[in-house]
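Taken together, the values in this text are just the output of simple stated rules run on the coordinates, not laboratory data. What you are looking at is a predicted structure, and each value in this text was computed from that prediction instead of being measured. Heads up, the Cβs are rebuilt from the backbone with ideal geometry, glycines too, and the neighbour counts pull from every protein chain shown.
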């Protein structure tokens, strides 16, 4: 596709459940980022992939959060035992290489009830 | 850690005027600084990038300045239009070589009145 695609656009889940959020980056972009944005705040860095490997996962809040990018393209953010505090918009971005402009998807709005 | 301050209050201006948004940071000087626009329910959209050795950069009606002494960037929109109404986010690269990650401010909401 022409831009970064994220699915689903909205996800409502019960506290304690497991969720997976998917990101399809722009074709050919080697760098992929996950951010989390709460209402009234700027995006908060979670994890960065260069190719298949997680080059920087320092933003993941705890071990309930995990992300993969097995073939260096599509990435999945996985959240175990969801908590109400995990409710936010999860944004994915990709760039041709690091230190260049990032292209963001429209985000997945996660609501934990 | 880096702290980024953007005006939390909305900026209301009249169509045709110049809008000026401020981004202040504390702590280390970034290698580059970026400005993004975000509309409700959408992801941020890249506007401009300015590097530490650049004082000013322009793109159409947009102008960004970067003062590493004041630790401040100013973002100007000249001849503003109602379509420019959005939240504008300032973002800096991470510290000490962690240039892959962007640290975002909370954003400033701009409302251009017709």
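In the stretch B:39-114, Cα pairs under 8 Å separated by at least six residues give a relative contact order of 22 percent. Ordering A:27, B:80 from the fewest to the most neighbouring beta carbons within 10 Å gives A:27, B:80. Report, for the stretch B:4-113, the % of DSSP beta bridges that are antiparallel, rounded to 5. Counting DSSP beta bridges with both partners in the stretch B:4-113, the antiparallel share is about 90 percent. Take the Cβ atoms of residue A:15 and residue B:62, set R0 to 41 Å, and the FRET efficiency comes out at 0.40. Distance from the Cα centroid of the stretch A:85-113 to that of the stretch B:15-52 is 17 Å (rounded to whole angstrom).
Residues A:19, A:12, arranged from fewest to most other Cβ atoms within 10 angstrom of their Cβ, appear as A:12, A:19.
Mean partner shielding of peptide A:102-110, defined as the number of other chain Cβ atoms within 10 Å of each residue Cβ, is 3. Counts of other chain beta carbons within 10 angstrom of each beta carbon in peptide A:43-50 average 4.
Under the simplified labelling scheme, the residue A:7-residue B:76 pair shows an inter-label distance of 4.6 nm, with each label point 7 Å from Cα along Cα→Cβ. One way to sum up the overall shape of the protein assembly as shown is the equivalent ellipsoid from its Cα gyration tensor, whose semi-axes run 30, 20, 16 Å, largest first.
Please report the spacing between the Cα centers of the stretch A:1-45 and the stretch A:55-74 in Å, no decimals. Centre-to-centre (Cα) distance: 12 Å.
For the peptide B:33-43, the mean number of other protein chain Cβ atoms found within 10 angstrom of a residue's Cβ is 4.
Residues B:21, B:49 in ascending order of nearby Cβ atoms (within 10 Å, fewest first): B:49, B:21.
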